[in-house]
Amino acid sequence: MFPLAMHMANELLSIPVAAATLALGAAIVAVAAAVAGRTLNPERLPLMGVMGAFVFAAQMINFTLPGMPGTSGHLGGGVLLAVVLGPAAGIVTMAAILIVQCLLFQDGGVLALGCNIINMGVVPCLAGWGLYRLLLGSVWKAKPWRQYLSAWLACLVGVTAGAALVPIEAKVSGVMQIPLSHFLVVMVGVHLLIGLFEGLITFAVIAYLRLARPAALALAEAQPGRRKLGRGAVIVSVLLTAVLIAGAVSWFASSQPDGLEWSYLVRGYGRTENALKEPSPAVVGANDWQSKWSLMPDYNKRAAPLGAAAAELEEAAESAESGWPAINGWVSVAGLLGTAVTLAIVYLAAVLLRRRRRRVGPATGSQP
């Protein structure tokens with residue numbers, strides 16, 4: 001796992017910073033769950049599980065970035081979740097996705113889980129949604145072009161703002177041996193481009209929901225006489241899309257390195273150990289624990305039994321050179337497993353939020 005990527009690795013943090021961000025991330029998720037339980041529009045509750053499954057699956061698809069040969073990016077999804085579900089439920093859903101990725105697939109360090117929740121969940125959901133609502137104006141009568149433009153700009157800002165925190169958190173941890181200014185510029189520059197593509201994906205989902213079920217976006221029907229899809233049909237369609245992406249489209253993901261990794265390599269700083277200080281024993285222990293207990297590290301078949309340390313292998317390098325598309329049954333299994341687990345966790349959270357809402361009664365001002 002390369003430590004200078006959007007999903008932060010353990011090596012990029014000191015233990016005090018990791019502990020502080022884990023505590024902060026947990027507190028924010030708890031508050032977000034309480035807020036969502038009081039304010040979330042009931043129309044959006046059934047969407048929580050399937051939107052979580054969709055974003056998990058979509059994050060598996062790395063796409064090549066134009067103008068940057070040899071590098072790729074992938075959907076974050078925080079702004080999309082905030083637009084569809086509201087920022088509070090979006091934070092809860094993104095936290096569930098990141099926990100599944102971290103614990104089952106070793107995608108992101110366990111010590112960095114708090115940072116990843118803040119960077120990819122809290123910041124995009126709050127900053128992106130805030131800009132989206134500011135630009136959108138009246139939600140109920142929002143014109144299509146204005147909603148699409150607002151969502152696109154929100155993705156640009158939300159994704160970039162979250163990415164900018166990565167080098168800052170590493171600098172505060174005191175582990176980086178390269179200039180903060182350089183990596184901050186690189187991280188922001190690369191993720192501005194990724195944000196453009198994330199805006200297109202967000203646009204596509206919003207466009208579908210506008211046509212299929214405007215109420216899911218708190219919109220009045222543009223053509224009241226036109227028949228719309230029922231809630232169940234929309235949920236099934238989004239879920240089937242997630243299954244298709246996780247099970248088959250994932251084969252067509254770019255095998256090129258993450259944007260920051262690419263930038264780091266082409267800038268000539270050398271190997272990773274020249275960029276970071278030697279990890280502490282606690283960090284090494286956290287890496288070993290994840291390697292032993294992650295069910296399918298890097299979304300592939302384990303190289304050793306669960307609970308055992310894997311020997312050093314060159315399979316990853318060989319598979320990266322095996323051509324495109326990379327048809328891999330284990331990747332499909334991992335994608336479908338992660339999609340199912342994410343769906344179950346977020347659906348359970350939605351059920352608990354619904355029960356809480358019934359206990360406290362209808363909210364006075366639910367999120368539009």
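Bear in mind that the values in this text are calculations on the coordinates, not laboratory data. Predicted, not measured: the structure shown is a model, and the values here were computed from it. FYI the Cβ positions are ideal-geometry reconstructions off the backbone, even for glycines, and counts take in every protein chain you see.
Of the trypsin sites (Lys or Arg not before Pro) found in the stretch 83-171, those that fall in a DSSP loop while having at most 10 other beta-carbon atoms within 10 Å are Lys141.
Cβ crowding within 10 Å ranks Trp293, Trp140 as Trp140, Trp293, fewest other Cβ atoms first.
I want to verify the translational diffusion coefficient of the stretch 1-118 in µm²/s; compute it with Stokes-Einstein, Rh as the Kirkwood radius over Cα pairs, at 10 °C and 1.306 mPa s. This corresponds to a translational diffusion coefficient of 105 µm²/s. Placing unit charges on the Cβ atoms of the charged side chains and taking the dipole of the stretch 167-252 about its Cα centre, the candidate lying farthest along the positive direction among Thr241, Val172, Phe183 is Thr241. A Förster radius of 51 Å, combined with the Cβ-Cβ distance separating Asp288 from Arg355, puts the computed FRET efficiency at roughly 0.80.
Shown here are the Rg and Dmax of the Cα trace of the stretch 22-74, at 16.6, 47 Å. Working ranking of peptides 91-98, 115-122 by packing, defined as the average number of other Cβ atoms within 10 Å per residue, highest first, is 91-98, 115-122. Computed extension gain for Ala27 through Ala164, at 0.36 nm per residue and net of the alpha carbon distance, reaches 47.2 nm.
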